[in-house]
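Peer 1: Before I ask anything, let me first share the structure, which is written out below as structure tokens.
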Amino acid sequence: MNYTKLLVFTIILISLNLNGQDSEIIPKVSSYLETNGTIKQYQNAYRELLNLMEKQFPKSDKNGNGWAYLANNEEKALKEIKDLLVPIYVKHFTIDDIDKMQSFYETAAGIQLITNSDQLSESQKVEVNDFYSSGVGLRIKEKQQVLSTEIAGVSEYWSRDLYEAAVLLLKEE
């Protein structure tokens, strides 16, 4: 079993063993992933994949059903990646952490950080620095490497699965 499959299996096991507190944190993490721009990044990735696929497999009568499926599948695919990401955050952060992270990304500084960090005002830069110097900010920094590894694992799994499905759907035979 390769590393990615093991990682996904572990995340699924963690998600199946959620306790009462975790059932409260799940919708909060889900909302946070929307607010902090994570899901938007995956939405862009999904759309880029469709652009790539259109170059490899132009729309035709033979693959029209596949294209229709992919056009209607975006929401489902985004739910799948969110379902893979939520347990990672549940494992590493408390409800209080997620609440603070959510609150930060709802501020003007948090929104600007996501939108275009090069255009942060001086006061927004101070706010961003204050956030990353806070307890939750320090936990984010501390866990950055493990988060990156776990997120990369599920992202790779998701994108590979999506690519393989798209090729199967669009390949004219």
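The values are calculated or read from the model by the stated rules, or taken from the named source; none is laboratory data. Everything numeric in this text was worked out from a predicted model, so none of it was measured. For neighbour counting, all protein chains shown are included, and Cβ atoms are generated from backbone atoms with ideal geometry for every residue, glycine included.
Peer 1: Within segment 49-60, count every residue that is surrounded by fewer than 17 Cβ atoms within 10 Å (Cβ to Cβ) and farther than 26 Å from residue 114 by Cα.
Peer 2: The number of residues fulfilling the criteria is 6.
Peer 1: Okay, next question. Output the number of the condition that residue 169 fails; it satisfies all remaining conditions of (1) farther than 24 Å from residue 25 by Cβ; (2) at pLDDT 95 or above.
Peer 2: (2)
Peer 1: Return the only residue of 136, 146 being modelled with pLDDT of 95 or more, surrounded by 17 or more Cβ atoms within 10 Å (Cβ to Cβ), in a helix (DSSP H, G or I) and out of contact with any Leu (no Cβ under 8 Å at 6 or more places or on another chain).
Peer 2: 136
Peer 1: With the condition kept exactly as written, say whether any residue in segment 71-79 is within 15 Å of the chain's Cα centre (by Cα) and in contact (Cβ under 8 Å) with a residue 40 or more places away in the chain. Explain how you work it out, then say what you get.
Peer 2: Taking segment 71-79 as the starting set, the residues that turn out to be within 15 Å of the chain's Cα centre (by Cα) are 74-79.
Now restrict to residues that are in contact (Cβ under 8 Å) with a residue 40 or more places away in the chain: 77.
Checking segment 71-79: at least one residue is within 15 Å of the chain's Cα centre (by Cα) and in contact (Cβ under 8 Å) with a residue 40 or more places away in the chain.
Peer 1: Here is a further query. Determine which member of the set 91, 82, 62, 55 is among the charged types (D, E, K, R), at negative phi, without any contact (Cβ under 8 Å) to a residue 12 or more places away in the chain and out of contact with any Pro (no Cβ under 9 Å at 6 or more places or on another chain).
Peer 2: One residue alone meets the criteria, 55.
Peer 1: Let me ask you something else. Name the one entry in 157, 163, 105, 132 that is within 21 Å of residue 27 (Cα to Cα) and of a type in the set (Phe, Trp, Tyr).
Peer 2: 105
Peer 1: Another question, then. Pull out all pairs, ordered by first then second residue, where Cβ-Cβ is under 7 Å, the residues are six or more apart or on different chains, the first lies in segment 132-147 and is more than 17 Å from residue 33 (Cα to Cα), and the second is surrounded by fewer than 16 Cβ atoms within 10 Å (Cβ to Cβ) and among the basic types (Lys, Arg).
Peer 2: Pairs found: 132/141.
Per-residue answers, yes or no, for (1) touching a Gly at 6+ places or on another chain (Cβ under 9 Å); (2) buried (at least 19 other Cβ atoms within 10 Å of the Cβ):
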site	(1), (2)
41	no, no
47	no, no
62	no, no
68	no, no
73	no, no
76	no, no
90	no, yes
97	yes, yes
109	no, yes
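Peer 1: Continuing with the same structure: Could you tell me whether residue 103 is of a type outside the set (A, V, I, L, M) and in a helix (DSSP H, G or I)?
Peer 2: So residue 103 fits the description; yes.
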